[in-house]
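Please read the structure below before turning to the comments.
The values are calculated or read from the model by the stated rules, or taken from the named source; none is laboratory data. Keep in mind that what you see is a predicted model, and the values were worked out from it rather than measured. Here the Cβ positions follow ideal geometry from the backbone for every residue, glycine too, while neighbour counts run over all protein chains shown. We work out accessible area using only protein heavy atoms, side chains counted, and drop any ligands, DNA or RNA first. Shrake-Rupley method; radii C 1.70, N 1.55, O 1.52, S 1.80 Å.
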Amino acid sequence: MVQFLEWSARRGGALLGFGVFAGVLIPPLAAATRDVVTPVVACLMTLVLLRVDFIQVLGYLRRPLLVAALLGWVLLACPLVVFAIVRLLGLDGPLGAAVVIMATGCAATSSPAFARMVGLDGEISLVVAVLSTLLIPFTAPPLALGLLGIDLAISLTGLMGRLALVVGLPLVVSLVIRRLAGPVRLERYGRSVDGAVVLLVVLYGFGVMDGLQAKILAEPLWVAGGVALAFAGNFGLNILTALVFLRVAGARIALSGGLLSGNRNMALYLAVLPAATDPRILIFFALCQFPLFLSPVLLRPVYDRLRSRGVT
């Protein structure tokens with residue numbers, strides 16, 4: 001088992017690509033795993049916390065201006081920038097609304113794992129991912145209502161309770177495991193934990209693709225446009241964020257912030273949006289998983305080239 005998990009860690013990028021496409025190509029697999037998305041995310045968070053150096057995390061918390069700047073950019077500035085671009089391009093209708101709502105999302109729970117996978121800063125990614133998840137009930141509804149006039153039907157108390165379970169419970173469990181296992185054992189099995197993270201993200205990818213194949217067969221051109229828009233949104237926010245923070249935070253932090261900004265947690269919206277929501281908006285959130293899952297494969301060569309030139 002240990003060897004298999006370590007192999008999964010080494011083949012993380014390929015496995016993530018397999019997960020996102022298998023969910024589309026095998027509808028029964030996607031349907032069978034749709035209901036396990038929430039517990040999978042909780043388990044994923046637990047394992048991610050096991051692999052984080054909390055001393056470095058506390059070090060970043062001593063840099064409140066950097067953390068606050070990243071949070072403000074991810075949660076507030078990005079939605080406003082995307083909204084302005086959507087209005088400028090005249091992108092009306094469900095896709096325009098969906099891409100703006102996507103930009104209001106918190107950083108993906110898998111961001112620290114992805115950052116580690118491509119050689120970026122996993123600790124700052126964890127801090128921003130966790131804090132953005134806790135803050136999203138206070139930022140997303142006003143932005144969505146103010147910018148789009150759409151009622152996302154998000155209950156602050158209900159969402160905060162869910163976030164407390166998804167973030168707080170894994171934190172407690174990870175601390176208990178750390179206490180029982182000890183640092184030496186955790187270090188020995190670190191790559192195995194990374195492999196388990198990859199497999200959980202693949203399982204999550206199966207579930208969120210439920211129903212997508214039928215949409216592709218019914219409206220292939222619409223889906224192709226949605227995929228292109230999802231990639232443009234993800235990589236566009238990534239590049240813009242890296243450029244904004246390059247001079248003030250350095251290349252490594254700027255690139256990590258870019259990865260955080262591009263990869264958003266759409267699973268939360270899929271869980272809380274009402275049944276009356278336009279189904280095309282929900283389908284777009286599923287399409288956002290393609291750039292999210294493929295980003296380690298597509299961006300790793302870019303980061304490696306930058307690292308070879310001494311940029312990171």
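Per 10 Å bin, what is the whole-percent P(r) computed from every C-alpha pair distance within segment 1-132? Here the calculated profile for segment 1-132 is 10, 29, 34, 22, 4, 0.
Could you sort S111, S308 by their accessible area in this structure, using a 1.4 Å probe and putting the largest first? Please list the in-between numbers first.
On the way: S111 5, S308 95 Å².
Largest accessible area first, the residues go S308, S111.
Electrostatic bookkeeping for A254 treats Lys and Arg as +1 and Asp and Glu as -1; over the other residues with beta carbon under 14 Å from its beta carbon, the sum is +2.
Packing here is the average count of other Cβ atoms within 10 Å per residue, and on that basis the peptides 169-177, 209-217, 71-79, highest first, run 71-79, 209-217, 169-177. Taken as entire DSSP H runs, the helices of the chain that both span 30 Å or more between Cα atoms along their own long axis and average -1.0 or more on the Kyte-Doolittle scale are 122-148, 220-249. Working from Cα pairs under 8 Å separated by at least six residues, relative contact order for the chain is 34 percent.
The R179 and R10 beta-carbon pair, evaluated with R₀ = 25 Å, returns a calculated FRET efficiency of approximately 0.30.
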